[in-house]
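Scroll down for the structure; my scribbles are underneath it.
Bear in mind these aren't lab numbers, they're just calculated from the coordinates by the rules spelled out. Because the structure is a prediction, the values reported are computed rather than measured. Here the Cβ positions follow ideal geometry from the backbone for every residue, glycine too, while neighbour counts run over all protein chains shown.
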Amino acid sequence: MNNKFLQGGRITLRMPDHEKDHRLYERWSFDREFMHLWGAGPTTPLSADVQKEFLENGMQSCVVFNICLRDDGRVIGQVDLSEFDPVAGNAWLGIGIGDRAYWNNGYGSEAMKVLMRYSFEVLGLQRISLSVFEYNLRALHVYEKMGFVEEGRLRGFLERDGRRWDLIFFGLLREEWASWQTALV
């Protein structure tokens, strides 16, 4: 899929390759810190077989893209819209930069901008939701910078490293995104 809506300045979003990307996802799952930020489950590596099963069968209600560098096509992360409901115009956003060499360089922010443009302009979504643990300070900064509004929290939702952490919910409406886009011009 070579769509101008899936192109950024340094990255492009492309559909996963079911035959080879599962091995890359497996490698990322061995990174404890990545898995710590990615989800609430145990930071247990996920085998290539589990990853391949997801790519082949678990994506029916998801729109999943690899985050790839434009210059060489290297896959550095993944972004997705889950619980995608085209009738209601809602989806939940998830993002992860699996390759640590690309952390803290703005690739996640750029991928989110590209995905939001695609979501609102091509898919016609009215709302994007996401959740994040309060210990993920980098993600919190990015989401607020992108115009997401905190809508609530589940206090003490998760225990990590001997402490309870909140799960924070954010939302972005199409008109908020459009206003944000206008302000950038």
Requested in this report: Using a Förster distance of 22 angstrom, determine the FRET efficiency expected from the C-beta separation of ARG10 and LYS145, and round it to 0.05.
Outcome: 0.80
Query raised in the report: Kirkwood hydrodynamic radius for region 95-140: how many Å is it when counted over pairs of different Cα atoms?
Result: 12.1 Å
Report summary line: In whole percent, the Cα-Cα distances of region 105-185 spread across 5 Å bins from 0 upward as 3, 14, 23, 22, 16, 12, 6, 3, 1, 0
Report task. Sketch the reach of a paramagnetic label on VAL87 as a point 7 Å from Cα along Cα-to-Cβ, and name the residues of region 110-130 whose backbone nitrogen lies under 18 Å away. Result -> 124-127
Query raised in the report: ASP166's amide H: which non-local residues (gap 5+, or another chain) put their own amide H closer than 5 Å, with H modeled 1.01 Å from N in plane and none for Pro or chain starts?
Result: GLU134, GLY156, PHE157
